[in-house]
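Below is one structure, written out as structure tokens; comments come after it.
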Amino acid sequence: MMSEKREIMTFRPAWRSFYWHMAGIVLCFAAVAWGVLHYPQYWKGVTGFFFIVALGLAGHMSIRRFSVALLVKPEEVSLEQGFVGRHSVEISTPNIRTIQVNQNPIQRLLDVGNLLIGSAATKDYEICVSSLPKPYAVRDLIQTYERSTETREASAD
């Protein structure tokens, strides 16, 4: 009996794709520094307000990142979404019809992109993941699994 190693690759949105959040956090700290220098009598209020805003941005960024996971296995691709409640969609590798990668200019600079996967069962894309790191490498991995599944099915016949 051969034991086959099951590879499960997990992909999450990249931290670097949250550049607007990070810019907001930097602006909050800059506003605190400016407020403390120009209005020292109000430094507690200014610092507290912008600290709460920066904390909210960091929390929103973390929740958005950790609430999405794309799991790529040799026999299926699944998307799990949700932080408290979970929603998942699975597509078996032989049923994948199309894999599309979309990138805007900023995403190309950051090497992140949106991955869309459609199956033979529907006309729309069933799995849509935004801001994945190295989206073309993820697409190539899924296509490699898809081709190896087709090869195994052809050799079994």
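The values are calculated or read from the model by the stated rules, or taken from the named source; none is laboratory data. The structure displayed is predicted, hence computed values, not measured ones. Cβ sites come from the backbone with ideal geometry, for glycine too, and all protein chains shown count toward neighbours.
A few comments on the model shown:
- Pairs meeting the criteria (first residue in segment 64-83 and closer than 16 Å to Trp15 by Cβ, second residue not in a loop (DSSP other than H, G, I, E, B), beta carbons under 6 Å, at least 6 apart or on different chains) are Val68/Gln81; Ala69/Thr10; Ala69/Glu80; Leu70/Phe11; Leu70/Leu79; Leu70/Val129.
- Filtered by the rule that a residue be among the aromatic types (Phe, Trp, Tyr) and closer than 21 Å to Phe18 by Cα, segment 44-88 gives Phe50, Phe51, Phe66, Phe83.
- Criterion (within 30 Å of Ala33 (Cβ to Cβ) and either touching a helix residue (DSSP H, G or I) at 6+ places or on another chain (Cβ under 7 Å) or among the charged types (D, E, K, R) (or both)) met by exactly one of Arg65, Arg108, Arg86: Arg65
- Spans of strands (runs of 3 or more DSSP E) in segment 1-100 with at least 3 residues surrounded by 15 or more Cβ atoms within 10 Å (Cβ to Cβ), touching a Leu at 6+ places or on another chain (Cβ under 8 Å) and among the aliphatic types (A, V, I, L, M): 68-72
- Criterion violated by Phe83 - all others in (1) modelled with pLDDT of 95 or more; (2) within 16 Å of the chain's Cα centre (by Cα) satisfied: (1)
- Residues being in a strand (DSSP E or B) and either modelled with pLDDT under 95 or surrounded by 15 or more Cβ atoms within 10 Å (Cβ to Cβ) (or both) - total across segment 102-141: 17
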